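The values are calculated or read from the model by the stated rules, or taken from the named source; none is laboratory data. It should be emphasised that the depicted structure is a prediction, and the values quoted were computed from it without experimental measurement. Cβ sites come from the backbone with ideal geometry, for glycine too, and all protein chains shown count toward neighbours.
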Amino acid sequence: MVSPETMELVRRAEQIYEQRLRTELEKAHHGEFVAIEPDSGDHFVGRTLEDAIGAARRAHPQRLSYTLRIGYPVALEIGCHP
């Protein structure tokens, strides 16, 4: 089960994405990943999930960030396709 604190982090990061980042990032970085640290509002774009998360951790090692794939409803899809 996800904690209320984690859900609040997700809500705040998604709000930052929708209000400040979506238009710019979807034009220039569609298909890449963005990690958003909601306390500072900082965001980190990477070609891979690991790149984006790594940049966020280096900048804010004691904070959690929320990562999403730019222009997609989910960051990763797990499963197989026939």
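Of note:
- Meets criteria (hydroxyl-bearing (Ser, Thr, Tyr), modelled with pLDDT under 95 and in a helix (DSSP H, G or I)) for residue 23: no
- Residues of segment 27-48 that turn out to be surrounded by 15 or more Cβ atoms within 10 Å (Cβ to Cβ) and either touching a residue at least 60 places away in the same chain (Cβ under 8 Å) or within 15 Å of residue 75 (Cβ to Cβ) (or both), as a count: 10
- Meets criteria (part of a helix (DSSP H, G or I) and either farther than 15 Å from residue 69 by Cβ or modelled with pLDDT under 95 (or both)) for residue 50: no
- Pairs are defined by a Cβ separation below 6 Å, a sequence spacing of at least 6 or placement on different chains, a first member in segment 13-25 that is over 16 Å from residue 72 (Cβ atoms), and a second member that is surrounded by 12 or more Cβ atoms within 10 Å (Cβ to Cβ); the pairs so defined are 16/36; 16/41.
- Scanning segment 49-61 turns up no residue that is in contact with a His (Cβ under 7 Å, 6 or more places away or on another chain) and either closer than 15 Å to residue 72 by Cβ or among the β-branched types (Val, Ile, Thr) (or both).
- Among the residues of segment 53-74, those identified as within 14 Å of residue 30 (Cβ to Cβ) and either of a type in the set (A, V, I, L, M, F, W, C) or assigned to a strand (DSSP E or B) (or both) are 68, 69, 70.
- Within segment 49-62, being without any contact (Cβ under 8 Å) to a residue 12 or more places away in the chain and of a type in the set (D, E, K, R) holds for 50, 57, 58.
- Every listed requirement among (1) in a helix (DSSP H, G or I); (2) surrounded by fewer than 18 Cβ atoms within 10 Å (Cβ to Cβ); (3) not charged (D, E, K, R) is met by residue 16 save one, (2).
- Given (1) of a type in the set (S, T, N, Q); (2) crowded, with 16+ Cβ neighbours inside 10 Å; (3) without any contact (Cβ under 8 Å) to a residue 24 or more places away in the chain, index of the condition residue 65 fails: (3)
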